[in-house]
């Protein structure tokens, strides 16, 4: 299971024109703010319709302008985690996670919710509300909700940008854990070089609505001369954190 896409979209003076593909891996869309990374994710999710192009999830067509196909967002089997960690304030942690399931018998739904609570180590806060838990805990809740339906892929739009350095390190380890347990493709949007370098199997570098480079993290980041001018002056790389932490 992977993705193959070509997207073209004009918004005012900005033109997005990109094409890339991925296998069952963690792909990072990397680049400065305003380069078109989040816009790409929104079109994959079906929230914005491209002007031209196509989106294939495995052999399934999610969008194809030439064939007049546009699958609605709720039918795309994609988990989506936004930058601001959207958790419903009037629902408990358990209820927030259960919201990711719309079908099935009650007993089956409860079993899946319990499974996610255990996997993400949320047992002690399952009955609490979002206002009563930490930022790292909220992020785990939104990830559990996005994954409970076993989506074809997980889309992450700068999900750790509001967390401090310690929590971000823990969440990177958590993503590696998710990759191993769920074996699902992940598309991660970030402009954080440490996140891209330590997490990605493949990096797609965006610059002003275009793709300037595609490669492995070592190919992209070890030789800074390969990067566009607007990506220079990045902080030095460090090795990825080895241990799983549940912040």
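Considering 177, 197, 206, which residue is under 19 Å from residue 19 (Cα atoms) and touching a helix residue (DSSP H, G or I) at 6+ places or on another chain (Cβ under 9 Å)?
Answer to the check: 206.
Among the residues of segment 4-23, write down those that are touching a residue at least 60 places away in the same chain (Cβ under 8 Å) and assigned to a strand (DSSP E or B).
Residues satisfying the conditions are 14, 15, 16, 17, 18, 19, 20, 22.
Could you go through segment 199-213 and let me know if any residue there is at pLDDT below 90 and under 15 Å from the mean Cα position of the chain (by Cα).
Within segment 199-213, one or more residues are at pLDDT below 90 and under 15 Å from the mean Cα position of the chain (by Cα).
Filter segment 149-173 down to the residues that are under 18 Å from residue 134 (Cβ atoms) and more than 13 Å from the chain's Cα centre (by Cα) and list them by number.
Hits for segment 149-173 are 162, 163, 164, 165, 166, 167, 168, 169, 170, 173.
Looking only at strands (runs of 3 or more DSSP E) that lie completely in segment 31-143, which have at least 1 residues being crowded, with 16+ Cβ neighbours inside 10 Å and either on the phi > 0 side of the Ramachandran plot or without any contact (Cβ under 8 Å) to a residue 40 or more places away in the chain (or both)?
Because the criterion is at least 1 residues that are crowded, with 16+ Cβ neighbours inside 10 Å and either on the phi > 0 side of the Ramachandran plot or without any contact (Cβ under 8 Å) to a residue 40 or more places away in the chain (or both), the strands (runs of 3 or more DSSP E) in segment 31-143 that meet it are 52-57, 60-64.
For segment 150-195, how many residues are in contact (Cβ under 8 Å) with a residue 60 or more places away in the chain, in a loop (DSSP other than H, G, I, E, B) and either crowded, with 19+ Cβ neighbours inside 10 Å or in contact with a strand residue (DSSP E or B) (Cβ under 7 Å, 6 or more places away or on another chain) (or both)?
Selection size over segment 150-195: 8.
The values are calculated or read from the model by the stated rules, or taken from the named source; none is laboratory data. Only a predicted model underlies this, so the values are computations on that prediction, with no experimental measurement involved. Note: ideal-geometry Cβ built from the backbone for every residue, glycine included; neighbour counts use all protein chains shown.
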